[in-house]
Amino acid sequence: MSISVGDKVVIDIEKIVYGGEGLGFVNDFAVFVPMTVPGDKVEIEIISKKKTYARGIITKLLEAGAERIEDTSKISFEDFHGCDFGMLNYESQLKYKTELVKDVMEKIGGVKDVLVSDIVGAEEEDTHNYRNKVIEPFALDKNKKIITGMFKRKSHEVFEVKENMLSSHLANKVINIVKTMLNKSKISVYKEKEHRGLLRHIMVRTNSKNEAMLVLVLNAKKVFRDIEEFLKNVYDSIDEVKSVYVSLNNEITNVALGKENIHLFGDKYLKETINGINFNISPNSFFQINVNQTKKLYDIGISFFDDINDKYIVDAFSGTGTIGMILSKNAKKVYSIEIIKEAVKDGIRTARENGIENIEFITGDVNKELLNLIEKGKRVDAVIFDPPRKGIEGDSLIKLAKHKINEIVYISCNPSTFARDSKILIEEGYKLEKIQPVDMFPQTNHIEVVGKFYLIK
Ligand SMILES: C[S@@+](CC[C@H](N)C(=O)[O-])C[C@H]1O[C@@H](n2cnc3c(N)ncnc32)[C@H](O)[C@@H]1O
């Protein structure tokens, strides 16, 4: 029997593959099923078919695998608020993440012998409601009520979740209050197809002190008076909201924030403290979303250097300069390279406010600026990389390797590009000594890793 799109079939899930989906077989034909765990027997509907595999979604859970959470009434992506590992108990999430890192290192990185330690998990209280940055699109429900939420899988239809299980409790609270207030106002919701209407996204950043920054993203070229009055009312009504911005975004784009972020009320920055340093965070700056796990991640990354005392270190892809500023406590000098101007400004301010003088910020592309620095004759003893998901340009890694930097620590939120880049560094004369995965994103299939490389040739 061959299968076709629309068919309903029963399948046993055998394993979880990289990317987080369950894999089973229908007459030896591979079928990937999101939101399943090994041992599940499920009825699925085939939603797409390619030459060598198909994809299906659960329509009924017939038998639950042993690693499923107790509540077996939840089966869909929406039931788990878009968390594609939410159906797995936490212990098993951790087990699979470690296994998936080993697997991807072997398949993409071509390395078998590297030591991959068991993932560092989160404390129970940090396995949910850990997200300190939440962005949700606005939409209207069928009763024309203003809602926010997330997009259904592979769709632009928004589904609403009242208490999102990943968002911080404060972000959930602020979003719910703002929505109630908006429903009493006459502010229009953006309609993507027509590119009309004002309200596009709500963004809330929160910190460990239970303070919030609110950013309302609007399809507009300026801030209208009624919007300003509305936001003043929000600012006055919610004590925890310490900072309010409007982000103007009238482009046809999937990028949420606009190019112009206008500060309206309260503080310009949200502050977060890590390792005794108070960091400034602007709307557009990257900041790790799970603060307690971030502290562990940074400690591990920094501990991977043999000795940073009196060394010249580059913090490449530095965001607001978090890692660099922690390193600067012992290093002789840190160069911090970051492409987003706002994040660099945040970093410069943080360094000034915290009395850090041995850090130099460079605004630009790491793939160019790191080589520029070395070629200008600046001393660089070690580099810590923390690129976005796409990793580092191969060409710039090859050129960098020619300069024989002794130690490289590489933090990555995407093990497959990490594995690809590792392969290049190994070919260029580095040894990958160890990898430590860290669970920065409980309930999702995302995995963070830290790797240590040293020069052998
Ligand atoms: C994963 S974040 C890490 C930030 C920082 N290390 C931290 O922990 O907060 C990656 C950062 O790289 C920046 N970035 C992306 N592409 C870049 C490039 N080509 N050159 C420099 N920075 C870049 C992003 O803006 C972002 O701040």
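Check whether at least one residue in region 387-397 is of a type in the set (A, V, I, L, M), away from the ligand (no atom under 16 Å from the Cβ) and surrounded by 19 or more Cβ atoms within 10 Å (Cβ to Cβ), and report yes or no. Checked against the condition, which is being of a type in the set (A, V, I, L, M), away from the ligand (no atom under 16 Å from the Cβ) and surrounded by 19 or more Cβ atoms within 10 Å (Cβ to Cβ), region 387-397 yields no hits at all. Residues in region 398-412: is at least one assigned to a loop (DSSP other than H, G, I, E, B), surrounded by fewer than 19 Cβ atoms within 10 Å (Cβ to Cβ) and within 12 Å of the ligand (Cβ to nearest atom)? Checking region 398-412: not a single residue is assigned to a loop (DSSP other than H, G, I, E, B), surrounded by fewer than 19 Cβ atoms within 10 Å (Cβ to Cβ) and within 12 Å of the ligand (Cβ to nearest atom). When you look at Val215, is it crowded, with 17+ Cβ neighbours inside 10 Å and in contact (Cβ under 8 Å) with a residue 60 or more places away in the chain, yes or no? Yes; evaluated as a whole, the condition is true for this residue. Just one of the numbered conditions (1) modelled with pLDDT under 95; (2) within 28 Å of the chain's Cα centre (by Cα); (3) surrounded by fewer than 16 Cβ atoms within 10 Å (Cβ to Cβ) is not true of Phe224: (2).
Here Ile238 clears all of (1) surrounded by 14 or more Cβ atoms within 10 Å (Cβ to Cβ); (2) under 21 Å from the mean Cα position of the chain (by Cα); (3) among the β-branched types (Val, Ile, Thr) except the condition numbered (2).
For (1) open to solvent by 20 Å² or more (accessible area, probe 1.4 Å); (2) at pLDDT 95 or above, each residue gets a yes or a no:
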residue	(1), (2)
Arg131	yes, yes
Lys142	yes, no
Leu182	no, yes
Asn207	no, yes
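The single residue among Ile384, Ile348, Ile356, Ile374 that is in contact (Cβ under 8 Å) with a residue 12 or more places away in the chain, open to solvent by less than 30 Å² (accessible area, probe 1.4 Å) and under 24 Å from the mean Cα position of the chain (by Cα) turns out to be Ile384. If you go through region 102-123 and pick out every residue that is under 20 Å from the mean Cα position of the chain (by Cα) and open to solvent by 60 Å² or more (accessible area, probe 1.4 Å), you end up with 1.
Per-residue answers, yes or no, for (1) more than 28 Å from Glu229 (Cα to Cα); (2) out of contact with any Phe, Trp or Tyr (no Cβ under 6 Å at 6 or more places or on another chain):
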{"residue": "Lys242", "(1), (2)": "no, yes"}
{"residue": "Glu251", "(1), (2)": "no, yes"}
{"residue": "Lys271", "(1), (2)": "no, yes"}
{"residue": "Ile281", "(1), (2)": "no, no"}
{"residue": "Ser285", "(1), (2)": "no, yes"}
{"residue": "Asn290", "(1), (2)": "yes, no"}
{"residue": "Ser303", "(1), (2)": "yes, yes"}
{"residue": "Gly319", "(1), (2)": "yes, no"}
{"residue": "Asn330", "(1), (2)": "yes, yes"}
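Annotation: Lys142 fulfils all but one of (1) in a loop (DSSP other than H, G, I, E, B); (2) within 21 Å of the chain's Cα centre (by Cα); (3) farther than 30 Å from Gln436 by Cα; the unmet one is (2). Considering each residue of region 332-341 in turn, none proves to be within 11 Å of the ligand (Cβ to nearest atom), open to solvent by less than 10 Å² (accessible area, probe 1.4 Å), modelled with pLDDT under 95 and under 22 Å from the mean Cα position of the chain (by Cα). Restricted to region 290-317, and to residues there that are within 18 Å of Lys271 (Cβ to Cβ) and within 10 Å of the ligand (Cβ to nearest atom), the residue that is nearest to the chain's Cα centre (by Cα) is Thr294. Would you say Asn210 is on the phi > 0 side of the Ramachandran plot and not aromatic (Phe, Trp, Tyr)? The answer is yes for Asn210. The listed residues are Lys112, Lys102, Lys107, and the only one of them that is touching a residue at least 40 places away in the same chain (Cβ under 8 Å), of a type in the set (Lys, Arg) and not assigned by TED's automatic domain parsing to the domain that holds Leu257 turns out to be Lys107. Report whether or not Met105 is touching a strand residue (DSSP E or B) at 6+ places or on another chain (Cβ under 8 Å) and either farther than 19 Å from Gln443 by Cα or in a strand (DSSP E or B) (or both). Taking the combined requirement at face value, the residue satisfies it. Across region 413-442, the number of residues qualifying as assigned to a loop (DSSP other than H, G, I, E, B) and open to solvent by less than 10 Å² (accessible area, probe 1.4 Å) comes to 4.
The values are calculated or read from the model by the stated rules, or taken from the named source; none is laboratory data. Since we're looking at a predicted model, the values are computed, not measured. As a convention, Cβ positions derive from the backbone with ideal geometry for all residues, glycine included, and neighbour counts pool all protein chains shown. Accessible surface is based on the protein model in full, side chains and every heavy atom, while ligands, DNA and RNA are left aside. Shrake-Rupley method; radii C 1.70, N 1.55, O 1.52, S 1.80 Å.
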